[in-house]
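Structure first, commentary second.
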Amino acid sequence: MLVLRILALAGLMLLGSCSYTFDIETRLIDGQVTFVVAPDSRSKPGRSCVRTIMVGDDDGFVWQDHVTDPCGTRFPVVYGQPLRGAPDPDLADLKMAPRQLRPGITYQVMANAGIGYGEGRFRLTQDGRVESLP
C-alpha cells in the first residue's frame with residue numbers, strides 16, 4: 001500500500017503545482033459511499049474542481065477517473081460516479097470503471113482539486129457502515 005500511495009501522490013503532484021493538501025473523509029450518504037473534505041482539514045479546496053480521483057487497496061486501484069477543463073465536479077464525490085468534465089487525454093489509459101468495494105478491506109482515496117491534493121482512508125464494515133480511518 002505504501003508503494004501505491006507514493007506512486008499515486010507523485011502522480012497527483014505531476015498534474016499541477018500543488019500548493020496545499022487536504023484531508024478526505026468517507027461517509028455513507030443516501031446509501032452511497034461518498035468522499036467529502038474533512039471538516040477539520042487544515043486546508044480546503046473550496047469551490048475547486050475535482051480533476052482526478054483514485055481509490056485503491058493493497059492489490060491496486062479499484063476506481064480511477066481523470067478530467068480536464070471544463071470541469072464540473074466538486075466535493076462531495078460519490079464512489080463510481082464519473083467526474084464531470086472533458087476526459088484528460090494524457091490520463092485516458094488510467095481511467096477505470098469502479099469495482100465493487102468489499103467489507104473489511106482498507107482503501108485509500110486520493111484526489112486532485114484545483115492546485116491541491118487530498119487523501120484519506122476508509123473501510124466498509126460487515127454490517128454495511130463506512131469507517132473513515134486516520
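The values are calculated or read from the model by the stated rules, or taken from the named source; none is laboratory data. It should be emphasised that the depicted structure is a prediction, and the values quoted were computed from it without experimental measurement. All Cβ positions, glycine included, derive from the backbone under ideal geometry; neighbour counts span all protein chains shown. We work out accessible area using only protein heavy atoms, side chains counted, and drop any ligands, DNA or RNA first. Shrake-Rupley method; radii C 1.70, N 1.55, O 1.52, S 1.80 Å.
A few points about this structure:
- Förster radius 25 Å - calculated FRET efficiency between residue 84 and residue 43, Cβ distance, rounded to 0.05: 0.60
- Top of 30, 58, 40 by mean-square fluctuation, Gaussian network on the chain, Cα under 10 Å: 30
- Against the main long axis of the alpha-carbon atoms of the chain, helix 2-14 sits at an angle near 30°.
- Cα gyration tensor, segment 51-134 - rounded (a/c under 1.5), prolate or oblate: prolate
- Residue with peak Gaussian network fluctuation, the chain [Cα springs, cutoff 10 Å], from 104, 114, 85: 104
- Per residue, segment 41-95 exposes 53 Å² of solvent-accessible protein surface, assessed with a 1.4 angstrom probe and all protein chains in place.
- Chain lengthening between residue 27 and residue 102 when straightened (0.36 nm per residue, less Cα-Cα): 25.5 nm
- Counting only protein heavy atoms and a probe of 1.4 Å, the accessible surface of the chain is 53% carbon and sulfur.
- Sorted peptide list for 71-79, 46-54, criterion being average Cβ within 10 angstrom, highest first: 46-54, 71-79
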